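Before any comments, here is the structure.
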Amino acid sequence: MPQNEHLIWYEANLPAQERKIRGHFSTPPLLVNQILDACGYTADANLTRLRVLDPACGSGNFLAGAAQRLLTRGVQHGERPQQTLATLQRNLWGFDPDPVACFLADMQVRALCTAHVAPPHKNFAHQRLHIHQADGLTFPWEQARRESVDLFLANPPYLAAKNADLSAYRSTQGLGQADSYLLFLQLALQVVRPDGWLGLVLPDPMLARANAARERQRLLAETTVHQLWHLSHVFPAYVGAVVIIAQKRPPRRFHQVLCVREKWERRRPVRVMLPTLSVAQTLMHAQPGAELRYLLGNEHETLVERLYLYMARGVESLTLAPLYRFVTIRRGEELGKKSVLLASVIPHEEGWHPLLRGGVDVRPYGTPRGQCWLAERAIEKPLARYHAPKLLVVKSTSTLQAALDLHGHVVLQTLYLLTLHLEKNTLRPPLDTLDTFYFLLALLNSRLLKRYVYVLHTAYKLVQPQIEQHVLARLPVPLVMPAMQQEIAERAKQIMLACSAAPPVVELSQQLTALCEEQERAICALYENAIRV
């Protein structure tokens, strides 16, 4: 039975909404052990002088993991129980504003001491551990000796600034708007001594979200990031986790960050994380917002990387332009898929419009067909916007996918509507309006742009990924001669016709595959030529 089995009831019995409000999700003990291993905090190391801090300790899984190793080391080295317990009391520090969590953390550590040091020192039961009911962010660190922590362990609560009042921290941290976990990252960089270690479990939006840019820049400049584990299913919450193992010293010039991307299996025995790829820390630091784009390590000298570097220059180009130059991008009706305003059968009365809900109704190249209806009285945006021809791009997905709607569907906010700037169609020379749609449809469904969006953007949110509007707006579009555009558009028409038909026979499937491959080669050639100029 796990050592904290009798404590799990506390978290398990917190109402889901309460856990969400408080960001209370404990780190699994198996993951705790892997983090301690990666930070070098093992029983065969000299732990006697290493101060460990968890500033958001919850029920104490990190502290218990560290205590287990301290106690094991004491037994292995034949230390007197009093000496081991004194070391533990001196070196393990935890803070949490929840009194029940602090009590459980204290209880976990004391239970370990009782099990490993038999009998414990008679005065140990009356000695206070450094597990304090306090907010680790408001502790007066400036009055303590700065850079006094050897190992900073934290799985801080994820409270978004837009949903929680974090203004009380701005005076103590000197920060503007920042999600709560970023405040703990700032604290780690403040209090860890040179060559000390950070073992952080953070929500994966920090990998690429704009509001974490300053913290990422500091992390990459001031620490050597040894490992980055991007994990799903660690917590029963709608967010992936990123584990950062870093050392407080500037990175060497050619340092490589070892990265893992996988589903977490909490029932799997403890095992060593096997890095699946590596990426230069300097490459991450060079990103516009210091994004931790670890998948770029697999794209060296590929067309995706070369296209990205070309667009990152931010200069006017005669061969490539961002998508927003050609289309206006909007969202549909601000309703959920389960809104009571939707009808799942065709209403008998007039004034209802066929509706597209998102990825469930939109497939690459397929002709969209609405399976629901929405009353006209519930439509808030101009109907003319929906009735006009439009490209539709699925928002809540990790894979770029687009369809062309010529049947005037109303759509929900889970889809982006792309309508042409008819007065300034800057594809030169301008194509016919529908051919322009087909040309852009082909680009948006191409393997190249799908990979481009995935590697640079959507891969960094494992749970409920989304394509942000600004990402879509800045996708590169090649400016090529009309004959090339027309060729791409004509093939897109054929592919759309085939994808919208009933399941094709084998011969037709083979023809469609060949047609799609021909299209992919042609699109790659457009981009190759565009960045070669």
- Message: Taking a ≥ b ≥ c as the square roots of the Cα gyration tensor eigenvalues, with a/c under 1.5 meaning rounded and otherwise prolate when a/b beats b/c, else oblate, which class fits segment 224-382?
- Response: oblate
- Which order, highest average first, do 62-70, 400-408, 129-137 follow once you tally other Cβ atoms within 10 Å for each residue and take the mean per peptide? 62-70, 400-408, 129-137
- Note on the structure: Two pseudo-spin positions, 7 Å from Cα along C-beta at Ser500 and at Tyr238, lie apart in nanometres by 3.3
- Under unit Cβ charges (Lys, Arg +1; Asp, Glu -1), what dipole magnitude, rounded to 20 debye, does segment 295-373 have relative to its Cα centre? 40
- Task: State the percent of C-alpha pairs, over all pairs in segment 43-100, separated by a distance greater than 19 angstrom.
- Result: 28
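Run the numbers for Thr138 and Leu434: contour at 0.36 nm per residue of separation, minus the present Cα-Cα distance, in nm.
Between Thr138 and Leu434, full extension yields 100.6 nm more.
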- Quick one: which of Lys248/Lys395; Lys338/Lys493; Lys263/Lys450; Lys461/Lys493; Lys248/Lys450 span more than 28 angstrom between C-alpha atoms? Lys248/Lys395; Lys338/Lys493; Lys461/Lys493; Lys248/Lys450
- Using 1/(1 + (r/R0)^6) with R0 = 41 angstrom and r between the beta carbons of Ala525 and Ala210, what's the FRET efficiency to the nearest 0.05? 0.75
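Mind giving me the FRET efficiency for Arg306 and Thr399? R0 is 25 Å, r the Cβ-Cβ distance, nearest 0.05 is fine.
Working: r = 22 Å, r/R0 = 0.86.
Between Arg306 and Thr399 the formula returns 0.70.
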- Message: Compute and list, largest first, the equivalent-ellipsoid semi-axes of segment 335-491 from the alpha carbon gyration tensor, each √(5λ) rounded to a whole angstrom.
- Response: 28, 20, 12
- Message: Please compute, over every Cα-Cα pair in segment 318-412, the percentage with a separation greater than 17 angstrom.
- Response: 52
- Query: Gain in length, Gln510 to Arg369, computed as 0.36 nm per residue apart minus the alpha-carbon separation, to one decimal in nm?
  - Reply: 48.2 nm
- Note on the structure: Sorting Trp197, Val242, Gln287 by the position of each Cα along the dipole of segment 177-296 (Lys, Arg +1; Asp, Glu -1; all at Cβ), the one nearest the positive end of that ordering is Trp197
- Query: Counting Lys and Arg as +1 and Asp and Glu as -1, what is the net charge of the other residues whose Cβ lies under 11 Å from the Cβ of His230?
  - Reply: +1
- Item | Label point at Gln466 placed 7 Å out along Cα→Cβ; residues across segment 394-419 whose backbone nitrogen lies under 18 Å | 394-401, 411-418
- Sorted largest first, extent of segment 186-245 alpha carbons per principal axis (Å): 35, 22, 18
- segment 326-368: proportion of alpha-carbon pairs further apart than 16 angstrom, %: 53
- Note on the structure: Taking a crude spin-label model, label points 7 Å out from Cα along the C-beta direction, the Arg331 to Thr114 distance in nm is 5.3
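Using a Förster radius of 56 Å, what is the FRET efficiency between Val345 and Arg80 based on their Cβ-Cβ separation? Nearest 0.05, please.
After rounding, the FRET efficiency stands at 0.10.
Could you tell me what a quarter of the Cα convex hull surface of segment 284-359 works out to, in nm² with one decimal place?
Quarter of the Cα hull surface area: 9.4 nm².
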- Query: Residues with beta-carbon under 13 Å from that of Ala375, excluding Ala375: net charge, scoring Lys, Arg +1 and Asp, Glu -1?
  - Reply: -4
- Mind ranking 326-339, 281-294 by how tightly packed they are, going by the mean number of other C-beta atoms within 10 angstrom, highest first? 281-294, 326-339
- Sorted by mean Cβ packing within 10 Å, highest first, what order do the peptides 454-464, 489-499, 181-191 take? 181-191, 454-464, 489-499
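FYI, it's all coordinate maths here, none of it is from the lab. This is a predicted model, so every value here is computed, not measured. Positions of Cβ are backbone-derived with ideal geometry, glycine not excepted, and every protein chain shown enters the neighbour counts.
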